[in-house]
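Presented below is the structure to which this report refers.
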Amino acid sequence: RTVVRLADYQPPPFLVESIDLEIDLHETETKVRSRLCVRPNPTYATEPCSTLELDVGATVRLVPDSLLLNGKRLDAERGAYHMHAGKLVIRQLPSGNDGFTLESCVLLNPSENTALEGLYLSKGTFCTQCEAEGFRRIVPFIDRPDVLARYRTKIIADASKYPVLLSNGNLVEHGPCPRDPQRHYAIYEDPWPKPCYLFALVAGDLARVSDEFVRASNRPVSLHIYVRHGDEARTAHAMESLKKAMLWDEKTYGRVYDLDVFNIVAVDDFNMGAMENKSLNIFNSKYILASPQTATDSDYNAIEAVVGHEYFHNWSGNRVTCRDWFQLSLKEGFTVFREQEFSADMRGNRAVKRIADVARLRSTQFPQDAGPTAHPVRPDTYETINNFYSVTIYEKGAEVIRMMKTLLGEQGFRRGTDLYFARHDGEAVTCDDFVAAMADASPSVLSAADWEQFKLWYAQAGTPQVWISDSAYDAQRRELTIVARQRVPPTPGQPVKKPHVIPIATGVLDASGKEVVPTTILCLKEAEQSFTLQNVPPGHVVSYLRHFSAPIKLTRESWADQEREERELAFLMAHDTDDFQRWDAAQQLLLNAAHRRDGSLTPVAITSFQRAFDALIDDPLILSQVLAPLSESYVMDEQPTLPVDPELVHKACLSIKRQLAEALRSRLEHVLDTAEQYEAGRSGFSLDSIEQGRRALEAVAFSLLVTLPNPEPYLERALVRMRNAATMTTMLATLQTLVHADAASKEHREQALSVFYDRWQGDYLLMDKWLRIQATAPRSDALMVVQSLLHHPAYNAGNPNNIYSVLGGFALANPYGLHGGSNASSAYRFLADQILEIDGRNPQVAARLANAFTKWRRFSEDRQSAMRIEMERMLESPKLSTDVGEVIFKCLE
Ligand code: B3K
Ligand code: ZN
């Protein structure tokens, strides 16, 4: 296995000043000519280099005799160049420090490109994906992010099939091809030097929706969104989101857009969510298209977030980029953080967004940090960089940025980002450079040693565990002593860890629930450290880790006695001034119940859910989050003792829902009544948080009520509601209730599914959701369901969204379905077969599915050995990609 190491980083021996491309598009034989202006890198440490190595993808065919150095043909026979291990090695370079030009011509077959990296076709549209190492599949190049070049791109294509031709930067020329009027061309110039991973090209027959944004400088930017003909009306929300994001970045970070045009193209076949190519973002269509009839509230929110995210990359990623791929979180962690704050500002209520983000972090990143693929926010090694577009790099990376902001304050953080952008504009830098800018902009806040320690967040994997004990209270002096201990658990390759810098936002409430000590930051740096709070009255309750001020697991040792724990959680749930904490206390009560195995909620817990209901009814979005059922995988991941029994967890989760439904029955029924009445009495569609909250609460109400002993009337009601709901949010929520409910009969399920199918079968995005709902149904016959979905006409085996929904839904979001059936070993075999099959076409997508095996050691021995057999079988497969190989190898290590 070949591993790339951060420690081996060397600056590039050559730089590319500019690149001229001519891309003659053809479905099966695209011809790419390039002309690079290369010069030796003056900062290269060793001797000037006499050989130039260009990266070349395996599917690229070099046209014989096409290599020209300074205009002169290079002769392979005479040893002027050769191919070796994915590199085109060119010898006999001109000596000295002069630059030279290198021309090449290669052939590609986009129609055979099923990996969706490099140049490929999505439903007849040519598009590209170059991050991380896809550019080498188009052009022989020094494919690394610290080589920044100016691009001039000429695209040539059939004029009737591909009327729209796009690339980065400004359109400088276009017209029919003089010698072949059936074909036309367009030339783009991008004035901003960029790494090749930001290159993009699109050619297709697309509709264009245009708008404009006027910058702080008063100069307008033309905004265009390109979609399939007929989808124009579904771009409105994406366009609004883009304009909001542009304005927000000017106001919040002082970042102004730097070209006169900004393009977005939506395609159906895309491995990830979207890509921030300079001035030509390419999106998975699910993050662009929305209409009130076809999109859920979550879709709308996700579109706003992803459009914002990609736009924000223009500064955090494009203008200032990464030196090497180990620094990926430099752009991704920071940009996720920017996106999270943007969404929070756009939403009425910041806590709602924080709750969703923390729930996601805990349910996806914490398990990664506790398993065989755990890696630091800045990894030390990788085999396949695509495997590191992970929740750790993204979401934990964002938490690290958030902690810096918490420590420096709003203004200090802004000074830091201003300095970072000013200092490094046009450069490819490291996470250390980011931290240095933060430190230098606020010299008096943390010492150099503190910053060095803080940077352990980049270097050490594993979720820190913190234990807090606060039983030492001096009533006379009204003084509370808090002792905090921390430990970072061992992770693969990192057996021993040092203590982190952990900001713990802490507040104190008095016995009546009034805040007596407003939020202060306890900055834990030692392995064990004590803090003293003054003016703490008797009968106080302390609230730690407000708004989740650090990505840690917190245990309150003074809560060793369950009675006290439940009482204080109930108190915080009722009184905390931070809505995030109220939700978090509710989560803890639910999790405690789930881990009692029979799922029993204590009477205190039940009462506090009833009270929370009444207290939060005017804030239905928060209330829906408080009442939302725990996910079964989260319960399994958090289970303190092993092995995990999927069936038991499923039953415990069901029991919790039933107890809540019983305790809240009349209230939940009232929610259903008012939701229907409200919708009937209203016209139009709104995304404001109260309206979204109503819909979310109705969805939760249905999912709880159908767990009651006599669920018939609720199931019937859900079916009726599904048929006549005015929004897709409610339609899909009721569909999911009917398909997922244990109590639903086969008839209920089939009826609901066919009603939905008949109505929406022409809509690929909705069919994708329809597939996912079935694949994630926690049922003992889930394997059969999934197997038959693979043969359904709505399923397209080459489409990543469909694969993620059906196989990903089953493998990664349906633990009871995957592990809980009577014959789990056939489910594992099926999954391994599917992974191998997909791996042959699209290794990146296959590797994502392979992550299902990372939790294997948490299950019973028989399941473990069944999973081991499948993993070993995959590793033996001669054609296994390094993508899947890396994941499985780590699982078995
Ligand atoms: N930067 C891209 C991800 C590219 C994935 C490459 N395998 C999307 C984003 O984070 O904005
Ligand atoms: Zn990103």
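No lab work stands behind these numbers, since they all come straight from the coordinates. This is a predicted model, so every value here is computed, not measured. For neighbour counting, all protein chains shown are included, and Cβ atoms are generated from backbone atoms with ideal geometry for every residue, glycine included.
Given points 7 Å out from each Cα along the Cα-Cβ axis, report the ASN70 to TYR9 separation in nanometres with one decimal.
3.4 nm
Taking the 0 to 90 degree range and rounding to the nearest ten, how far is the long axis of helix 824-839 tilted relative to the main principal axis of the chain, both from C-alpha atoms?
Helix 824-839 sits roughly 20 degrees off the main axis of the chain.
Go ahead and collect, in residue order, the members of the range 379-393 whose backbone nitrogen is under 18 Å from a label point 7 Å along the Cα-Cβ direction of ASP432.
The answer is 379-381.
Taking H as built 1.01 Å from N, whose amide H comes closer than 5 Å to the amide H of VAL320, not counting residues under 5 places away?
Counting only residues 5 or more places away or on other chains, the set is GLY426.
Based on the alpha-carbon gyration tensor of the range 408-449 and its eigenvalue square roots a ≥ b ≥ c, which shape applies: rounded if a/c is under 1.5, prolate if not and a/b is larger than b/c, or oblate? Mind dumping the intermediate values first?
Working: a/c = 2.73, a/b = 1.47, b/c = 1.85.
Here the range 408-449 falls in the oblate category.
Give the peptides 124-134, 611-621 in descending order of average Cβ contacts within 10 Å, highest first. Walk me through the numbers before you get to the answer.
Values: 124-134: 23.0, 611-621: 17.9.
Ranked by mean Cβ neighbours within 10 Å, highest first: 124-134, 611-621.
Based on the alpha-carbon gyration tensor of the range 761-893 and its eigenvalue square roots a ≥ b ≥ c, which shape applies: rounded if a/c is under 1.5, prolate if not and a/b is larger than b/c, or oblate? Intermediate results must be reported in sequence, preceding the final value.
Working: a/c = 2.20, a/b = 1.30, b/c = 1.69.
Here the range 761-893 falls in the oblate category.
Go ahead and collect, in residue order, the members of the range 722-765 whose backbone nitrogen is under 18 Å from a label point 7 Å along the Cα-Cβ direction of ALA236.
Counting backbone N atoms under 18 Å from the label point, the list is 726-729.
Sum up the charges of everything whose Cβ sits under 10 Å from the Cβ of VAL227, counting Lys and Arg as +1 and Asp and Glu as -1, but leave VAL227 out.
Values: positive: ARG208, ARG228, ARG234; negative: ASP231, GLU232.
That sum, taken over residues with Cβ under 10 Å, equals +1.
Going by alpha carbons, how many degrees (0 to 90, nearest 10) lie between the helix axis of 350-360 and the longest principal axis of the chain?
Roughly 80 degrees, rounded to the nearest 10.
What whole-number volume per residue, in cubic angstrom, does the convex hull of the C-alpha atoms of the range 206-294 give? Show your work: numbers first, answer last.
Values: hull volume 8.8 nm³, N = 89.
Output value, Cα hull per residue: 99 Å³.
Taking amide H atoms as placed 1.01 Å from N in the peptide plane, list the residues 5 or more away in sequence, or in a different chain, whose amide H sits under 5 Å from that of ALA472.
So ALA472 has HN proximity to THR481.
Can you bin the range 321-459 into rounded, prolate or oblate? Criterion: square roots of the alpha carbon gyration tensor eigenvalues sorted a ≥ b ≥ c, rounded for a/c under 1.5, prolate for a/b above b/c, oblate for the rest. List each step's numbers first, then the result.
Details: a/c = 1.58, a/b = 1.10, b/c = 1.44.
Judged from the Cα gyration tensor, the range 321-459 comes out oblate (a/c at least 1.5, b/c at or above a/b).
Out of the DSSP beta bridges found with both residues in the chain, what percent are antiparallel (nearest 5)?
Values: 99 of 123 bridges.
So the antiparallel bridges in the chain amount to around 80 percent.
Please report, in debye to the nearest 20, how large the charge dipole of the chain is about its Cα centre when each Lys and Arg carries +1 at its beta carbon and each Asp and Glu carries -1 there.
Numbers: 97 positive and 117 negative charges, 65 e Å.
Computed charge dipole of the chain: roughly 300 debye.
For the pair ASP205 and ALA58, what calculated FRET efficiency results from E = 1/(1 + (r/R0)^6), where r is the Cβ-Cβ distance and R0 = 30 Å, to the nearest 0.05?
Details: r = 30 Å, r/R0 = 1.01.
Calculated transfer efficiency: 0.50.
Please give the net charge around ARG873, taking every other residue with its beta carbon less than 14 angstrom from that of ARG873, where Lys and Arg add +1 and Asp and Glu add -1. Mind showing how you got there, number by number?
On the way: positive: ARG829, ARG868, LYS879; negative: ASP833, GLU837, ASP839, GLU870, GLU872, GLU876.
Charge balance in the 14 Å sphere: -3.
Over the range 779-862, what is the mean sequence separation of C-alpha contacts under 8 Å (at least six apart), divided by residue count, expressed as relative contact order in percent?
Result for the range 779-862 is 29 percent.
Relative to the longest principal Cα axis of the chain, at what angle does helix 562-575 sit, 0 to 90 degrees, rounded to 10?
The angle comes out at about 70 degrees.
Please report, for the Cα atoms of the range 8-54, the Rg to one decimal and the Dmax as a whole number; what are they, in angstrom?
14.9, 44
Working out 0.36 nm times the residue gap between HIS670 and HIS792, then minus their Cα-Cα distance, what length gain in nm do you get to one decimal? If you can, show how the numbers build up before the last one.
Details: separation 122, 0.36 × 122 = 43.92 nm, distance 3.87 nm.
Extending this stretch completely gives an extra 40.0 nm.
Using Stokes-Einstein with the Kirkwood hydrodynamic radius over Cα pairs, what translational diffusion coefficient do you get for the range 53-183 at 10 °C and a viscosity of 1.306 mPa s, in µm²/s rounded to a whole number?
On the way: Rh = 16.8 Å.
Reported coefficient: 95 µm²/s.
Evaluate the chain: find the radius of gyration of its Cα atoms, find its Kirkwood radius, and give the ratio Rg to Rh. Walk me through the numbers on the way to the answer.
Numbers: Rg = 28.2 Å, Rh = 29.1 Å.
Using Cα coordinates only, the ratio equals 0.97.
Any chance you could get the radius of gyration and Dmax over the Cα atoms of the range 465-560, in Å?
Rg, Dmax (Cα atoms, Å): 14.3, 50.
Given the rule -39500 (n - 2.57) for each run of at least 4 DSSP H residues, summed and divided by the residues of the chain, what is its mean residue ellipticity at 222 nm, to the nearest 500 deg cm²/dmol? Before the final figure, lay out each step's value.
Numbers: 28 runs with 356 residues, N = 893.
Estimated from H runs of four or more residues: -12500 deg cm²/dmol.
Quote the relative contact order of the range 206-294 in percent (integer), defining contacts as alpha-carbon pairs under 8 Å separated by 6+ residues. Don't skip to the end; give the middle numbers.
On the way: 144 pairs, mean separation 25.0, N = 89.
Relative contact order comes out at 28 percent.
What net charge is computed for the residues neighbouring GLU77, neighbours being all others with C-beta under 14 Å from the C-beta of GLU77, Lys and Arg scored +1, Asp and Glu -1?
On the way: positive: ARG73, ARG78, ARG91; negative: ASP65, ASP75.
Within the 14 Å Cβ shell, the charges total +1.
May I ask you to list the residues of the range 251-276 whose amide nitrogen lies under 14 Å from a point 7 Å from Cα along the Cα→beta-carbon direction of ASP345?
Of the residues in the range 251-276, 251-257 have backbone N under 14 Å from the label point off ASP345.
Determine, from the Cβ-Cβ distance of SER865 and ALA472 and an R0 of 45 Å, the FRET efficiency 1/(1 + (r/R0)^6), rounded to the nearest 0.05. Walk me through the numbers on the way to the answer.
Working: r = 49 Å, r/R0 = 1.09.
For R0 = 45 Å, the calculated efficiency reads 0.35.
Could you work out how far apart the two model spin labels at LYS498 and ASN218 are, taking each label as a point 7 Å from the Cα in the direction of the beta carbon, and quote it in nm?
5.3 nm
How far is it, in nm, from the label point at ASP425 to the one at ASP260 when both lie 7 Å from their Cα along the line to the Cβ?
Spacing of the two 7 Å Cα→Cβ label points: 2.0 nm.
If you plug each phi of the range 86-95 into the Karplus form 6.51 cos²θ - 1.76 cosθ + 1.60 with θ = phi - 60°, what whole-Hz ³J(HN,Hα) values come out, in order, with x for Gly and Pro?
x, 10, 9, 9, 10, 9, 6, 7, x, 7
Can you give me the C-alpha center-to-center distance between the range 455-473 and the range 5-25, rounded to a whole angstrom?
Each part's Cα centre sits 41 Å from the other's.
Please list the non-local residues whose amide H lies under 5 Å from the amide H of ALA274, H modeled 1.01 Å from N, same-chain partners needing a gap of 5 or more.
HN-HN under 5 Å from ALA274: ASN284.
Starting from the Cα of LYS497, draw a straight line to each of the lysines and keep only those under 30 Å, dropping any in the same chain fewer than 8 residues away.
Those lysines meeting the cut-off are LYS331, LYS396, LYS405, LYS455, LYS525, LYS553, LYS855, LYS890.
Once the Cβ-Cβ distance between GLU17 and GLU47 is put in as r, and R0 is 22 Å, what FRET efficiency do you end up with, to the nearest 0.05? Numbers along the way, then the final one.
On the way: r = 21 Å, r/R0 = 0.98.
FRET efficiency, GLU17 to GLU47: 0.55.
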